[in-house]
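Values quoted throughout were computed directly from the atomic coordinates according to the rules given, and no laboratory measurement underlies them. Quantities reported herein were computed from a predicted structural model and do not represent experimental measurements. Cβ sites come from the backbone with ideal geometry, for glycine too, and all protein chains shown count toward neighbours.
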Amino acid sequence: MGLKRYLLKRVVIAFVTLYIVTTLNFFIFVLHPGDPTHFLMDPTMTPEQEAMIREAFGVDDPLITQYLKYIKNLLSFGLIPPYFGFSHQTHEYVSSGLALRLPFTVVLLGLALVGSIIVGIPIGILCAWKRGSKIDVTIMGISLFTYGVPTFFIQLFALFFFVSFIFLEWGIYIFPGSGWRSYPAPEGIYLLADIAWHMTLPVLTLVVASFAYWALYTRNMMLDVLTQDYVLTARSKGLRERAVLVKHAFRSIYPQIATMITLSIPGLVTGAIITETVFGLRGIGKWYIDSISLAKPDYPVVQAVLFIFATLTILCNLIADLLYGIFDPRIRVGTRR
């Protein structure tokens, strides 16, 4: 098929997948036994008052009515009323809570992604260049260890070492243990510095947990590229090894790196949920965990957050497919000659 037809097909598949995921997201919670508004009821309420609450949240509406309202709320992406619906806990629009919490998650994910790329890719290039040396064996051993260890284990160890152990042994307070700012909060530029101080340890632990992915993948791709004829030709011309590695070998894997970036974002989202819970950050990941509580479930929040995560995952995979179609000529099978 031609490139345009390939791209159109991937876009259609992405929208169909998003619709199916959104529909499943609805039925999972609607068909769940129990009344999601029961914790809002007060023993002193009259039956009329309880009925008003149930009517306000639409739990007694016909299933098709609930579904159409749900589709309208989510597929509008919170841009038109009722803005992803009302939260059962805060009685506010879900989009209002998202607007407060999403920036923290975006900053956390963005810094972790950039940091892991900056650390991982140069390490992968170095290990490919020094293949089989002590440097390669040592760094790859460390990378395989951090890649195999769960993210929350690294974060709990970091909390124990930097927050508890160092403070108890030497009385040095390096990093805060939880939260996104101090209380009482400073003002002005000091508030930004305080937030950066609180975000440092969560970002560093995410970088430690994810840089190995980039190092291992880059090393493997570079080892394959370094055996290609054009790299051998560049070396035979007397070019410096740094120029051969960066300008010839690494440049040829740009398309793979670009697609890796998009495919790695959904994995970082999962890491953000764990990280925000461990460090008590007020992002949408921790909000999601708090909203699936059996004691006080907040289904509109859970559905909105799952929809955002699903949209992000599908969008990243779509971008990766589009990049493959643009960069890889083999995708353009059947184009007019």
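Here are the numbers:
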{"read-out": "Leu232-Lys296 pseudo-label distance in nm [points 7 Å out on the Cα-to-Cβ vector]", "value": "6.8 nm"}
{"read-out": "Karplus (6.51, -1.76, 1.60) ³J(HN,Hα), θ = phi - 60°, over segment 177-189, in Hz, Gly and Pro reported as x", "value": "x, 7, x, 10, 7, 7, 10, x, 6, x, 10, x, 5"}
{"read-out": "Karplus (6.51, -1.76, 1.60) ³J(HN,Hα), θ = phi - 60°, over segment 152-166, in Hz, Gly and Pro reported as x", "value": "5, 5, 4, 6, 5, 5, 4, 4, 4, 6, 7, 9, 8, 4, 5"}
{"read-out": "Acute angle (nearest 10 degrees) that the helix 63-75 long axis makes with the longest principal axis of the chain, alpha-carbon atoms", "value": "40 degrees"}
{"read-out": "Subset of Lys69/Lys286; Lys247/Lys286; Lys134/Lys286; Lys134/Lys247 violating a 31 Å alpha-carbon distance limit", "value": "Lys247/Lys286; Lys134/Lys286"}
{"read-out": "Dipole of the chain, positive end: most advanced residue of Ile319, Tyr70, Ile274 [Cβ charges, Cα centre]", "value": "Ile319"}
{"read-out": "Dipole in debye (nearest 20) - segment 106-295, about Cα centre, beta carbon charges: Lys, Arg +1; Asp, Glu -1", "value": "820 debye"}
{"read-out": "Cut-off 18 Å, label 7 Å out along Cα→Cβ of Leu239, residues of segment 109-143 by amide N", "value": "125-126, 128-130"}
{"read-out": "Burial ordering of Ser96, Ser210, Ser236, fewest other beta-carbon atoms within 10 Å first", "value": "Ser236, Ser96, Ser210"}
{"read-out": "For Thr227, Thr218, order by how many other beta-carbon atoms lie within 10 Å, fewest first", "value": "Thr227, Thr218"}
{"read-out": "Extension reserve of the Lys130-Glu55 stretch, reckoned as 0.36 nm per residue once the Cα distance is removed", "value": "20.2 nm"}
{"read-out": "Theoretical gain in end-to-end length, Val106 to Tyr254 [0.36 nm per residue, Cα-Cα removed]", "value": "50.8 nm"}
{"read-out": "Anisotropy class of the chain from Cα gyration tensor, a/c 1.5 cut", "value": "oblate"}
{"read-out": "Fluctuation leader among Ala258, Ala215, Ala193 - the chain, Gaussian network, Cα springs under 10 angstrom", "value": "Ala193"}
{"read-out": "C-alpha long axis of helix 254-279 to longest principal axis of the chain, angle in °", "value": "40 degrees"}
{"read-out": "Asn220 paired with Leu191, simple spin-label distance in nm, labels 7 Å along Cα-to-beta-carbon", "value": "4.6 nm"}
{"read-out": "3J(HN,Hα) from dihedral phi, segment 303-316, Karplus parametrisation 6.51/-1.76/1.60, rounded to Hz, x for glycine, proline", "value": "5, 5, 5, 4, 5, 5, 5, 5, 4, 5, 5, 5, 5, 5"}
